[in-house]
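**Student:** First the structure, which I've put down as structure tokens, then a few questions once you've had a look.
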Amino acid sequence: MEATVIDWARLEHAYGTAEDVPELLQAMASRHADEREEALEELHSSLCHQGDVYSASAHAVPELARLALHGPGHRPELLWLLAAIADGAGRPDETAAAERAVATAVPSLLELARDPDPRTREAMVTLVAACGPRYALPVLPLLRARLAEEPEPRVRGVLVTALGLLDPSGSAREARARALLADPEPRVRLAAAEDLLRTAPLPLPGDLVEHAVTARLAVTHHHEPALWPRPYRPYGERLLEDPEAALRALALGLPIGYDIVDRWRDREPDVLPWALAATGPDERELLRLARLACALPPEGRARVRDHVRPHTASGDPAVRAAAVTALARAGAPEAVSKTVRLVAEAPEEAGTAYAVEAVTEVFGAAAEPVARAVAARLDSGTGPSPGTPLAPLARFPALAAPSASRLAELVGHGGHGYDVVTLLGAIGPRAGAGAERTLRQAAEADDEGLAGHAAVAHHRVTGDAAFAVSVLRPLLTGELRGWAVPRAGELGPAGAPLLPFVEECLAHGAPPARAGAAYAVWRITGRRTEDVLAPLTRQAVTSEAFHPVQRTAVRALTDLGLLPRHLVAPLRRAADSVRRVASDGGPDRGRPHEDYLVRDEVRRLLATAEVVG
């Protein structure tokens, strides 16, 4: 057996040396299914870890193929593993070796295309497709013959997809797919429509959209295929490339409303009728509707208010809290009083935190009763719950000040550390001596991230910058330098003793760290721009998508009031884009989509900054 002559110790897989591969391959020959199952999981994770292949992957292929052909079981799974190896990513030499090894093994496995088990036949077709046109061309006659003979609808659909990816003749492929749009089996019709949509120009033809959607809705127990090589595009992903086609699919019954607004801006009014019909007494659905409401015009928000009001009386506190959140995001004033009740009646419910956040952001000063309710729970010693946001109290420091001693007790407990420290800093000198002691202790604790925040808050409470400088100075030379630099900037002119450390990061840090350092230098000096503008400029637009570092640079340039001329065009494109330029990174709490916040920030910069250069 070939494995006996391979020096596996010199090869690598995802977890290091490949010495264990022979033992795993031997386990795949076991008569015990559970032993094979465990070995297969290890082999897949080691040889094709998250789609990456390694030097050991190609060497394992001959034995994997032998096991698929003659082994005691797990035949489809072994074929899918071979397909994953053939289509793997990684170093060019290792991916090329893996692809060659699988292509060499395929001829010996072709008889499995007629295996009695439809799962094996399906896996064999995906394996051939994974080898790509370069290696699979000689096998096309076999696939065409199988399409004519195959009795299983799912396998026929897989054959249609494979032929679409491999067939070099575009006209023949299109003619075959067009003919199959009338096939009696919806899986086959869907595969044919999917193949035609993949190569259709935008905007997508309406008849193809209708064929794809009606076929998909007719398929029961639909599962996306586990593996298809490029240039495969799932029908849903392709539909979302064309917002009008996606909306047509939505009208036909395909539930992709939230996918549309996650991809495209300002489509919330188009999606609203579907969203209202789809939203029942379910926490997640109501929170998604809350986020939709953030971007609706007044008429649409009124419809959301009417829809969610009945759910604010739900006996399920999670549903009630989500409904109140949606009510707040839709601008209903009664959301304030309902949130006060939530704070009193369901303080431990995570959704209460979402409602508090929503009411505070939407109603501003009018949300004072909610802040009073949160402060009252602090004073009573019964709250807040770990999920309750304390940041809204920062909008009402006079209300929070009497609770400062209770807040100080929460530092380091219940996950409130950062929020409490921020809030104590916002309260300022009124926080008192107890807060001063607590912040000093937090700044001297082992949690260096919290220490930096606590040092800045201590400065705001006491007015004494010396302590904050003493805490931040060692952090600025350690592993958390990138984290500590912005904290130095938050001290403003009082951070002047730290300026040499920040300047070191500005001169020699990685690009994102240099941008943060540039902003900190400007905040400390209050005027210096000669060596600050360039690092911020480089980070403001570094890709088509906006990430947190780009947003920080945009905010910094807005504060500086300066905008390099060459940034105007790309920022204008970001502001005017009909597609999202920023993804929504966190869990859905009924908040506005991150992308709209980015758009507002970019527009503010464009509207207020002086164009220079």
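What follows is calculated from the coordinates using simple rules that are stated; it is not laboratory data. Everything quoted here is computed from the prediction, not taken from an experiment. Note that each Cβ is placed from the backbone with ideal geometry, even for glycine, and that neighbours are counted across all protein chains shown.
**Student:** Expressed as an acute angle from 0 to 90° and rounded to the nearest 10, what is the orientation of the C-alpha long axis of helix 511-525 relative to the principal long axis of the chain?
**Tutor:** Once rounded, the angle reads 10 degrees.
**Student:** Restricting to DSSP H runs of at least four residues, report the calculated mean residue ellipticity at 222 nm for the chain, -39500 (n - 2.57) per run over all residues, nearest 500 deg cm²/dmol. Please report the intermediate quantities before stating the final value.
**Tutor:** Numbers: 35 runs with 399 residues, N = 613.
For the chain, the value works out to -20000 deg cm²/dmol.
**Student:** Over all distinct Cα pairs, what is the inverse of the mean 1/r for the range 524-595, reported as the Kirkwood hydrodynamic radius in Å?
**Tutor:** On the way: mean 1/r = 0.0742 Å⁻¹.
With all distinct Cα pairs of the range 524-595 included, I get 13.5 Å.
**Student:** Of the DSSP beta bridges with both residues in the chain, give the percent that are antiparallel, rounding to the nearest 5. Provide the component values of the computation, followed by the final result.
**Tutor:** Working: 5 of 9 bridges.
Roughly 55 percent of the beta bridges in the chain run antiparallel, per DSSP.
**Student:** Now for a separate question. Could you please rank T438, T120, T352, T552, placing first whichever residue has the fewest other Cβ atoms within 10 Å of its Cβ? Kindly include the intermediate steps, with their values, before the conclusion.
**Tutor:** Numbers: T438 26, T120 21, T352 29, T552 18.
Going from sparsest to densest Cβ surroundings: T552, T120, T438, T352.
**Student:** Could you work out how far apart the two model spin labels at R603 and A251 are, taking each label as a point 7 Å from the Cα in the direction of the beta carbon, and quote it in nm?
**Tutor:** Inter-label distance under the simple model: 2.8 nm.
**Student:** Right, here's the next one. List M124, M28 from most exposed to least, where exposure is judged by having the fewest other Cβ atoms within 10 Å.
**Tutor:** Lowest count first: M28, M124.
**Student:** Go ahead and run the numbers for FRET between H221 and R555, Cβ-Cβ distance against an R0 of 51 Å, rounding to 0.05.
**Tutor:** Details: r = 48 Å, r/R0 = 0.95.
Using R0 = 51 Å, I get an efficiency of 0.60.
**Student:** What's the exposure ranking of R284, R291, R372, going from fewest to most Cβ atoms within 10 Å? Write out the running numbers ahead of the final one.
**Tutor:** Values: R284 12, R291 23, R372 15.
Ordered by Cβ neighbours within 10 Å, fewest first: R284, R372, R291.
**Student:** Turning to a different aspect of this structure: Hey, if you put +1 on the Cβ of every Lys and Arg and -1 on every Asp and Glu Cβ in the range 2-253, which of A60, P205, A136 ends up farthest toward the positive end of that dipole?
**Tutor:** The Cα lying farthest towards the positive end belongs to P205.
**Student:** Projecting each Cα onto the charge dipole of the chain (Lys/Arg +1, Asp/Glu -1 at the beta carbon, about the Cα centre), which of L254, L557, A97 comes out farthest on the positive side?
**Tutor:** After comparing all options, I get L557.
**Student:** With the alpha-carbon atoms as the only input, what is the per residue convex hull volume for the chain in Å³? Provide the component values of the computation, followed by the final result.
**Tutor:** Working: hull volume 125.1 nm³, N = 613.
Once divided by residue count, the hull of the chain is 204 Å³.
**Student:** What do you get for the angle between helix 170-180 and the principal long axis of the chain? Use alpha-carbon atoms, 0 to 90 degrees, nearest ten.
**Tutor:** Value to nearest ten degrees: 90.
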